[in-house]
Amino acid sequence: MARIIVVTSGKGGVGKTTTSASISTGLAKRGHKTVVVDFDVGLRNLDLIMNCERRVVYDFVNVIQGEASLTQALIRDKRVDTLYILPASQTREKEALTKEGVERVINELSETFDYIICDSPAGIEHGALMALYYADEAIVVTNPEVSSVRDSDRILGILQSKSRRAEMGQDPAREHLLVTRYNPERVERGEMLSVADVEEILAVPLLGVIPESQVVLNASNQGLPVILEENSDAGQAYDDAVARLLGEEREQRFMTVQKKGFFSRMFKGG
Amino acid sequence: MSFLDYFRGKKSGSSASVAKERLQIIVAHERGQREQPDYLPQLQQELLAVIRKYVQISDDMVQVEVDRNESCSVLELNVTLPER
Ligand SMILES: Nc1ncnc2c1ncn2[C@@H]1O[C@H](COP(=O)(O)OP(=O)(O)O)[C@@H](O)[C@H]1O
Ligand SMILES: [Mg+2]
């Protein structure tokens, strides 16, 4: 049985795709057979972040509509061989993701994969609903900022009332809070909500804190999931999050202002 | 403001603490709304229509809420009449 995990947020541009890419890569690197599915029909981006945009032949909607098999559509990652990507369709309507179609694909993926990571589109409409519908767990990506926190609470409400688990009266999906684009300096100056504030408002267990980092942009420019930048702060923060997802205890890092040491000042950005 | 906040030099008037307060209020409000039954907006509209047969009131002068307790639910109806 696969663990089906949705990466969701309500709000756009908070780091869902960045997170989906890194979490799936991290799980696969630890030897788990992992597939990351792009639910953002019409705004495909995961392929760029995973550096496989030129290898897309068939997509999720092709599989749903029987125009291609899953094996034809899945793209094997060039860096981590237990990792596969199922790209979103760039040309179809979001409604092409039917409940039955998505269920069929998820069931088929469940037969061979240990982890299915669903990268949700923004919003609370059909696409976002489909991404979370079959989830056993949800990673709620939140920026320490008012509209992101409010939207996260909204999507949590939808998860609790409109997912398959909710409709079938099963145990609710397990929720994880991932605070991203965190800037401890601004928190210290009282300009940004702290992790504790966000945790208190949303009341969801904390999976991790990803600092605001230039490395994320650099990595995405190159089509590299930032978790593979193993010496970077954001990369290590994602690695911690993956470890916690697998039940390991890891102390929270990157939550306080780092006093720059001699070496990191010399090799700027380290 | 907690002792620790004070220690860190975080003022209770900082923009982050304003954000936190506003969020706590709106999130609590929206959670309350979420737990309301689906028929509530319709019920509110129909009640409004009935009351308007007798008194001219605006939309926001009728508040309908369901309070769920362990043992029972209470339908709470609040109608503000215009000043005479
Ligand atoms: N921790 C971070 N630090 C700096 N920039 C980030 C971070 N996480 C995401 N970003 C940037 O934010 C933008 C939106 O990220 P993305 O993952 O595409 O969000 P979403 O999928 O939620 O729309 C991208 O430009 C990305 O590089
Ligand atoms: Mg995205």
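The values are calculated or read from the model by the stated rules, or taken from the named source; none is laboratory data. Small disclaimer: the values here were computed from a predicted structure and weren't measured. Note that we place each Cβ from the backbone using ideal geometry, even for glycine, and neighbour counts take in every protein chain shown. Side chains are part of the model used for accessible areas, which takes the heavy atoms of the whole protein and leaves out ligands, DNA and RNA. Shrake-Rupley method; radii C 1.70, N 1.55, O 1.52, S 1.80 Å.
Some points to look at:
Rundown of residues vs (1) more than 14 Å from chain B (Cβ to nearest Cβ); (2) open to solvent by less than 10 Å² (accessible area, probe 1.4 Å); (3) touching a Gly at 6+ places or on another chain (Cβ under 8 Å); (4) within 12 Å of ligand 2 (Cβ to nearest atom), yes/no style:
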site: A:6; (1), (2), (3), (4): yes, yes, no, no
site: A:17; (1), (2), (3), (4): yes, no, no, yes
site: A:26; (1), (2), (3), (4): yes, yes, no, no
site: A:41; (1), (2), (3), (4): yes, yes, yes, yes
site: A:53; (1), (2), (3), (4): yes, no, yes, no
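- Checking residue A:171 against (1) in a helix (DSSP H, G or I); (2) surrounded by fewer than 18 Cβ atoms within 10 Å (Cβ to Cβ), the condition it does not meet: (1)
- Positions within segment A:241-257 being of a type in the set (Gly, Ala, Ser), out of contact with any Asp or Glu (no Cβ under 9 Å at 6 or more places or on another chain) and surrounded by 12 or more Cβ atoms within 10 Å (Cβ to Cβ), in sequence order: A:241
Matching residues to (1) without any contact (Cβ under 8 Å) to a residue 12 or more places away in the chain; (2) over 13 Å from residue A:14 (Cβ atoms); (3) within 11 Å of chain B (Cβ to nearest Cβ):
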position	(1), (2), (3)
A:189	yes, yes, yes
A:198	no, no, yes
A:224	no, yes, no
A:233	no, yes, no
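- Residues located in segment A:107-120, provided they are among the β-branched types (Val, Ile, Thr) and open to solvent by less than 10 Å² (accessible area, probe 1.4 Å): A:116, A:117
- The selection criterion, being of a type in the set (A, V, I, L, M, F, W, C), crowded, with 22+ Cβ neighbours inside 10 Å and not in a helix (DSSP H, G or I), holds for residue A:210.
- Sub-7 Å Cβ pairs linking a first residue in segment A:17-35 that is of a type in the set (Gly, Ala, Ser) to a second residue that is open to solvent by 30 Å² or more (accessible area, probe 1.4 Å), at least 6 apart or interchain, are A:21/A:49; A:26/A:239; A:28/A:82; A:31/A:82, ordered by first then second residue.
- Residue among A:3, A:76, A:104 that alone is more than 16 Å from ligand 1 (Cβ to nearest atom) and under 22 Å from residue A:208 (Cβ atoms): A:3
- Within segment B:51-84, the set of residues being open to solvent by less than 80 Å² (accessible area, probe 1.4 Å), farther than 30 Å from residue A:147 by Cα and not in a loop (DSSP other than H, G, I, E, B) comprises B:51, B:73, B:74, B:76, B:79.
- All of A:235, A:190 fail the test of being open to solvent by less than 40 Å² (accessible area, probe 1.4 Å), over 30 Å from residue A:108 (Cβ atoms) and in contact with a Lys or Arg (Cβ under 7 Å, 6 or more places away or on another chain), apart from A:190.
- Among the residues of segment A:68-96, the ones that are modelled with pLDDT of 95 or more and more than 21 Å from residue A:114 (Cα to Cα) come to 1 in all.
- Extreme residue, nearest to ligand 1 (Cβ to nearest atom), among residues of segment A:202-222 that are touching a residue at least 60 places away in the same chain (Cβ under 8 Å) and under 25 Å from residue A:159 (Cα atoms): A:210
- Test: residue in segment A:144-167 that is within 13 Å of another protein chain (Cβ to nearest Cβ), part of a strand (DSSP E or B) and within 15 Å of ligand 2 (Cβ to nearest atom): no
- Comparison of A:16, A:33, A:29 shows that the only residue that is closer than 17 Å to residue A:132 by Cα and among the basic types (Lys, Arg) is A:16.
- Matching option when the condition is of a type in the set (Asp, Glu) and under 26 Å from residue A:243 (Cα atoms), among A:108, A:103, A:167, A:175: A:175
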